[in-house]
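Notes follow the structure.
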Amino acid sequence: MRTMPRFQEILQLVGQLNYTWTNTESLLIYLIAGLAKIDKETAIIVFLTLNTTRARIELVERLAKMQKTPPACREAVLTVTSKLTRQAKLRNKYSHCIYSFDESGTHGSTQLMRIVDGKDDVKYGKVEALDDKEIGRIQDSIDNIKEINKDVWSIVINHSFPR
């Protein structure tokens, strides 16, 4: 039995998703510092200069693929960035959509704020239900991002990256 309206439950989960994501994405700073062999302050400037998650992940992946990166480190970093990229899809959906709920706050849906160009038409605003299955997907994503966070810290510690 639900103790709060779906509206509040969704807002709480999306807030937790965004907090968990932001906390974990910021750990890319340590991967940049370690892989580029620069200090943390310089890595922060690089991280903040790249204004998208995709650009930050691509930088980390390219640094990991350099010949000077030990194979075990390369594999660990590429595994973690692959996991992070997979989780980005759901996080982006819930960060860039419109939420709709009925008057009771019980039945909800999202409308994506994205245009899809077809051969002969344009589609936008795909609507999806915020049902129990979708709430489960959000919770699973939060749990996965927490594990990615731990994985990044393991890389930082195991490879003595600047902290």
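All of the numbers you see were taken from the coordinates with simple rules; none came from a lab. The model shown is predicted, which means the values in this text are computed figures rather than measured ones. Don't worry about glycine lacking a Cβ; one is built from the backbone with ideal geometry, like all the others, and counts go over all protein chains shown.
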Using only DSSP helix segments of four residues or longer, with each worth -39500 (n - 2.57), what per-residue ellipticity at 222 nm results for the chain after dividing by its residue count and rounding to 500?
-21000 deg cm²/dmol
Using amide H atoms built 1.01 Å from N in the peptide plane, name the residues 5+ places from LYS126, or on other chains, whose amide H lies under 5 Å from its own.
LEU112, ARG114
C-alpha center-to-center spacing [region 1-40, region 92-163] in angstrom:
11 Å
Here the gain from full extension of LYS146 to GLU58, 0.36 nm per residue of separation minus their alpha-carbon distance, amounts to 29.6 nm
Could I have the simple spin-label model distance between GLN67 and THR22, label points 7 Å from Cα toward Cβ, reported in nm to one decimal?
4.2 nm
Put a dot 7 Å past each Cα toward the Cβ at ILE98 and VAL122; how far apart are the dots in nm?
1.5 nm
How would you order 15-28, 131-144 from highest to lowest mean count of nearby Cβ atoms within 10 Å?
15-28, 131-144
In square nanometres, what is one fourth of the surface area of the convex hull spanned by the alpha carbons of the chain?
12.3 nm²
In nanometres, what is the gap between the two model label sites at GLU41 and LYS83, each 7 Å from Cα along Cα-to-Cβ?
3.2 nm
